[in-house]
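Note sheet for the following structure.
The values are calculated or read from the model by the stated rules, or taken from the named source; none is laboratory data. What you see is a predicted model, and the numbers here were worked out from it, not measured in a lab. Cβ: placed from backbone, ideal geometry, glycine included. Neighbour counts: every protein chain shown. For accessibility, only protein heavy atoms count, side chains too; no ligands or nucleic acids. Shrake-Rupley method; radii C 1.70, N 1.55, O 1.52, S 1.80 Å.
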Amino acid sequence: MISIPAPLNRLPMRILLTGSSGWLGRHLAPLLRAQGHDVTGLDVAPGAHTDIIGSVADRALIDRLFAEHHFEAVIHAGALHKPDIARHPHQAFIDVNTAGTLCLLEAAVAAGASRFVFTSTTSLMISSAIREGRGDRAVWIDETLAPLEPRNVYGITKLAAEQLCRLVHAEHGLPVIILRTSRFFPEDDDTHQTLSGENMKANELLHRRLTVEDAAQGHLVALERAPEIGFGTFILSAPTPFVPADAAALKADAAAVIARYFPDAAALYAQQGWTLPATIDRVYDAGLAERVLGFRCPTDFAAMLAALRVGGEPPVAHDAGYVSPMVSRSSPVRG
Ligand SMILES: NC(=O)c1ccc[n+]([C@@H]2O[C@H](COP(=O)([O-])OP(=O)(O)OC[C@H]3O[C@@H](n4cnc5c(N)ncnc54)[C@H](O)[C@@H]3O)[C@@H](O)[C@H]2O)c1
């Protein structure tokens, strides 16, 4: 099992990291550099880890960067994502998320790169029916869920980008790992605001969140394993304590199920003034990543409770005011 990889003892790689100014990028870039890699950060917005300001969809720029830097690997984390739906037209999502991914894939093939890691999203597995929690049980979500009917342009363009990854791998053999990551954003949820941000993030670690640090570690493992795996799509999320047999009870009375697994959770939550979820309508199962990719997020709900037990800080970053650097281009970028 690979969880926290030791620095590489093989030759460092020249890596193009897109979205290097973003929340994931600013955690991933230093991790890659600490492994000895030569990282070039590309983003449309400036940031402490961004070397080139430009778009993934600018083919001339991408070709020039490949020619100058001879990238051996691409980690493609730059994107318009769900909060951007309110700010950008659908066409911008197609241009950045779908056409931009194709641009990078084709450049990687042309340059003979050895691997490509694509940051995707569990959101593309969420149909309107799942989102509205219409069923009488929690939906158990793994990579076999079908048909996929993303409910918004973010999910649709990420799914199209995943399909382009699959096609380019099939046609050219470029090793590609797709990481369908669940939530790791630090800001408050843009649709549900009944609980405090910290409380909600703690609850989500049970079934639909991971820490940004674990997301970065997962990317590092994917980078390492891509040539050996060839092509793979993996959900990246904190390991859930639940099993599929819990699905009906999770929908009816989640707090009772949680009490079975974590008898002191309610008391620890009470000390924080937090509330356990009354109902859970979906569970992301990251088991395939554990079995095939060899990565299990170290930070889970049990780790959260362990921190609370000793009066420590919850291990999930919360920053109610975080906005993507694209939005705050004129404000100082946090490192
Ligand atoms: N934050 C989450 O909870 C979450 C969950 C699942 C998947 N993801 C995915 O993780 C990746 C990173 O997201 P994040 O949370 O760090 O978001 P973020 O908004 O903080 O970072 C995304 C970065 O991409 C950059 N970007 C946007 N358009 C670009 C373009 N045309 N060319 C180059 N860069 C561009 C933005 O400027 C930004 O810095 C995204 O692909 C997102 O879809 C995020």
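Before moving on, here are some points about what is shown:
- Equivalent ellipsoid of the chain: semi-axes from √(5λ) of the C-alpha gyration tensor, largest first, are 33, 21, 20 Å.
- Of all lysines in the structure, the ones whose alpha carbon falls short of 22 Å from that of LYS82, not counting any fewer than 8 places away in one chain, are LYS158, LYS201.
- Taking the alpha carbon gyration tensor of region 30-89, multiplying each eigenvalue by 5 and rooting it gives semi-axes of 23, 16, 10 Å, largest first.
- Seen against the Cα atoms of the chain and their longest principal axis, helix 212-229 is set at about 50 degrees.
- Å² per residue, accessible surface of the chain at 1.4 Å: 41 Å²
- Using the rule -39500 (n - 2.57) for each DSSP H run of four or more residues, divided by the residues of the chain, the 222 nm mean residue ellipticity is -11000 deg cm²/dmol.
- Calculated from backbone phi, Karplus (6.51, -1.76, 1.60) coupling profile of region 28-43 in Hz, x at Gly/Pro: 6, 4, x, 5, 5, 5, 5, 7, x, 6, 9, 9, 10, x, 10, 7
- Rounded to 10°, Cα long-axis angle of helix 153-172 versus longest principal axis of the chain: 50 degrees
- Amide H within-cut-off set for PHE231, under 5 Å, with H built and near neighbours excluded: VAL176
- Globularity index of region 39-198 is 1.12 (Cα radius of gyration / 2.2 N^0.38 Å, N = number of residues).
- Nearest-ten-degree value, helix 59-69 long axis tilted from longest Cα axis of the chain: 80 degrees
- Here the accessible area is traced with a 1.4 Å probe on the protein chains. For region 201-319, carbon and sulfur cover 55 percent of it.
- Long-range HN-HN contacts of ARG115 with modeled amide H, under 5 Å: VAL74
- Heavy-atom accessible surface of region 21-126: percent carbon and sulfur, 1.4 Å: 58 percent
- Point-to-point label distance, ARG260-ARG33, nm (Cα→Cβ direction, 7 Å offset): 4.8 nm
- Using the Karplus relation 6.51 cos²θ - 1.76 cosθ + 1.60 with θ = phi - 60°, the per-residue 3J(HN,Hα) values for region 114-123 come to 9, 5, 9, 10, 10, 7, 9, 8, 5, 4 Hz, with x marking Gly and Pro.
- Database remark: amide H of LEU80 closer than 5 angstrom to the amide H of ASN97 (H placed geometrically; neighbours at sequence offset of 5 or more, or on other chains; Pro and chain starts carry no H).
- Computed 3J(HN,Hα) for region 129-137, one whole-Hz value per residue from the Karplus formula 6.51 cos²θ - 1.76 cosθ + 1.60 where θ = phi - 60°, is 4, 5, 4, 7, x, 6, x, 9, 8, glycine and proline marked x.
- A 1.4 Å probe, protein heavy atoms only, puts the accessible area of CYS297 near 10 Å².
- Under the convention that each Lys and Arg Cβ holds +1 and each Asp and Glu Cβ holds -1, the size of the dipole of the chain around its Cα centre is about 80 debye.
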